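Notes follow once the structure below has been shown.
The values are calculated or read from the model by the stated rules, or taken from the named source; none is laboratory data. Note that this is a predicted model, so its numbers are computed, not measured. Because the Cβ atoms are built from the backbone with ideal geometry, glycine has one as well, and the counts that use them run over all protein chains shown. These area figures cover heavy atoms from the full protein model, side chains too; ligands, DNA and RNA do not enter into them. Shrake-Rupley method; radii C 1.70, N 1.55, O 1.52, S 1.80 Å.
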Amino acid sequence: HGNLIAVCKKENFDLCMKVMSGGSKIIPAIDVPQLLLDDIQQNSNETSVAIKSYASVIKSMINHDGITIFSTEGQLLGFHFIVNNDIAQKSNAVGGSRTRAFEALKQIECLSGRFFKSQDGITKFA
């Protein structure tokens with residue numbers, strides 16, 4: 001297993017989804033920074049449990065096959081997206097499916113950032 005994470009401006013998310021297939025859009029987006037801020041401000045058992053619950057769900061999404069997409073503001077927008085074949089073929093990447101997908105992500109201009117982690121621990125940022 002490995003991970004692929006992409007980051008885009010929230011207003012570019014629909015544009016980015018046009019160059020990817022499958023996936024699940026999270027409505028409403030999971031606002032991770034707001035969850036943390038709520039916990040700091042309220043310092044309650046409820047906010048602590050909420051963070052732990054969301055963290056578990058987010059971890060599962062990140063470890064799921066495909067690409068997990070966050071906004072530049074830290075909101076989880078969607079998961080399980082796949083790069084369209086035409087973009088993947090243009091990248092001419094050699095390696096496993098995640099390596100090829102990461103190289104294809106580097107071709108998508110609407111993204112602000114990309115992260116790759118292989119099952120053997122290799123990490124790459126773009």
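Could you check how many percent of all C-alpha pairs in the stretch 11-83 are farther apart than 18 Å? Value for the stretch 11-83 (Cα pairs over 18 Å): 42 percent.
When nucleic acids and ligands are ignored and a 1.4 Å probe is applied, Asp38 ends up with an accessible area of around 50 Å². Restricted to Cα atoms, the chain shows a radius of gyration and a Dmax of 15.4, 51 angstrom. For the residue pairs Lys18/Lys124; Lys18/Lys117; Lys18/Lys52; Lys18/Lys59; Lys52/Lys106; Lys59/Lys117, alpha carbon separations beyond 22 Å are given by Lys18/Lys124; Lys18/Lys117; Lys18/Lys52; Lys18/Lys59; Lys52/Lys106. Among residues other than Lys10 with Cβ under 11 Å from its Cβ, the summed charge is -3 (Lys and Arg +1, Asp and Glu -1). Which residue, Ala55, Ala101, Ala29, tops the fluctuation ranking in a GNM of the chain built on C-alpha contacts under 10 Å? Answer for the Gaussian network model of the chain: Ala55. Aspartates and glutamates near Lys9 by alpha-carbon distance under 16 Å, same-chain residues fewer than 8 away left out - which ones? Qualifying aspartates and glutamates at Cα under 16 Å: Asp31, Glu73, Glu109.
Compute, for the chain, the length of the dipole vector about the Cα centre, with Cβ point charges of +1 (Lys, Arg) and -1 (Asp, Glu) only. Units Debye, rounded to 20. Each step should come with its number before you reach the end.
Details: 13 positive and 12 negative charges, 92 e Å.
Roughly 440 debye, rounded to the nearest 20.
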